[in-house]
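The values are calculated or read from the model by the stated rules, or taken from the named source; none is laboratory data. Computed from a prediction, not measured in an experiment: that's the story for all the values here. Cβ coordinates were reconstructed from backbone atoms using ideal geometry, including for glycine residues, and neighbour counts include every protein chain displayed.
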Amino acid sequence: MMADILALNNTDLLLLILICFFAGLIRGFSGFGLSAFVMSLSVTIIPPIELIPICWWMEFVAGVFMIKDGWKESDKGTSIVLWLGAICGLPIGLFVTKILDVQISKFVALALILTLSVILFRNFKLHFLSSKLGTVCSGICAGIATGLASIGGLIVATYVLASQNSARRMRASLVVYILLNSLTTFVFLIIFDVMDQKALVRGVLLALPSSIGVVLGSILFMQKLEKYYRPFSLGLLITFCIVGLIRLIG
């Protein structure tokens, strides 16, 4: 019955439920990565354009679950500046898609994020990103990357992980940014008629397994595991970038 409602066969539905659960688990622990995980593993089941609104629902529900502690523990000023910068950058990214090939743009963005993530993983300091100008530029670049290739969240994650904040503060700042950004994204999904009835049903139903994952992932984010947060999150970024680049090249 559920498979019929979602217009999927039983095998694809079971696989999608598992993917959404583990995506939620990653999101609950790291504060990001849900959409990137789902997109990278589900494109053979559902076309990317149909996955975008499904991911929106899962991200939004995850944000609602996590915002209570996230708002209290985050660097709210930084998250809001990043969000406003992303709003400014989004129209630029959408405009540039008419000039540049999307595949080339995505390749450049992923290669840049991969390079920065490896640099951070090696414990090099990127002092520019810690400045006010660096915050604004990161937000604008995230908006441009979202318009070009829907990977703006990875740029913001790179920026946040470059800071010297505690793991709890970094994670909370990502939670606040992603929830704020989901409000902006919803407007564009409506404008471009991507959020249709089928997407609504799929998104709400698949948000259930992802929400269970989010709750369990949040429980895993305990004090004794916080020291692993930064290397885990950087490793996650590097993995997403490598998978994305392999898919582009292949």
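Would you mind finding the one in Ser211, Ser150, Ser166 that is within 28 Å of Leu112 (Cα to Cα) and surrounded by 20 or more Cβ atoms within 10 Å (Cβ to Cβ)? Spell out how you get there, then give the answer.
Working: Ser211 fails: within 28 Å of Leu112 (Cα to Cα); Ser166 fails: surrounded by 20 or more Cβ atoms within 10 Å (Cβ to Cβ).
Result of the check over Ser211, Ser150, Ser166: Ser150.
Checking the structure you have, find out if any residue of the stretch 156-167 is outside any helix (DSSP H, G or I), touching a helix residue (DSSP H, G or I) at 6+ places or on another chain (Cβ under 7 Å) and within 22 Å of Ser40 (Cα to Cα).
no
Could you please let me know if Leu237 is surrounded by 22 or more Cβ atoms within 10 Å (Cβ to Cβ) and not polar (S, T, N, Q)? Before the answer, list the steps.
Numbers: surrounded by 22 or more Cβ atoms within 10 Å (Cβ to Cβ): yes; not polar (S, T, N, Q): yes.
Considered against the rule, which asks whether it is surrounded by 22 or more Cβ atoms within 10 Å (Cβ to Cβ) and not polar (S, T, N, Q), Leu237 comes out as yes.
Tally up the residues in the stretch 101-137 that are within 26 Å of Pro231 (Cβ to Cβ), outside any helix (DSSP H, G or I) and not small (Gly, Ala, Ser), please.
Here the count works out to 5.
Can you work out which of the residues in the stretch 58-112 that are touching a helix residue (DSSP H, G or I) at 6+ places or on another chain (Cβ under 8 Å), of a type in the set (Lys, Arg) and closer than 22 Å to Leu180 by Cα is surrounded by the fewest Cβ atoms within 10 Å (Cβ to Cβ)?
Per the stated criteria, the residue is Lys72.
Residue-by-condition table, conditions (1) among the charged types (D, E, K, R); (2) within 14 Å of the chain's Cα centre (by Cα); (3) modelled with pLDDT of 95 or more:
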site	(1), (2), (3)
Ala145	no, yes, no
Thr158	no, yes, no
Gly213	no, no, yes
Phe221	no, no, no
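Scan the stretch 229-249 for residues that are of a type outside the set (Val, Ile, Thr) and either more than 13 Å from the chain's Cα centre (by Cα) or at positive phi (or both) and report the count. Write out each step before concluding.
Quick first cut of the stretch 229-249, residues of a type outside the set (Val, Ile, Thr) only: 229-237, 240-241, 244-245, 247-248.
Still in the list and also either more than 13 Å from the chain's Cα centre (by Cα) or at positive phi (or both): 229-232, 234-235, 244-245, 247-248.
Result for the stretch 229-249: 10.
Inside the stretch 1-100, counting only helices (runs of 4 or more DSSP H) that do not spill past its ends, which hold 3 or more residues that are in contact (Cβ under 8 Å) with a residue 24 or more places away in the chain?
10-30, 34-42, 48-73, 76-96
Take the conditions free of Cβ contacts under 8 Å to residues at least 12 places away in the same chain and out of contact with any strand residue (DSSP E or B) (no Cβ under 9 Å at 6 or more places or on another chain) and apply them to Ile219. Does it pass? So that I can check it myself, show each step before the final result.
Numbers: free of Cβ contacts under 8 Å to residues at least 12 places away in the same chain: no; out of contact with any strand residue (DSSP E or B) (no Cβ under 9 Å at 6 or more places or on another chain): yes.
Taking the combined requirement at face value, the residue does not satisfy it.
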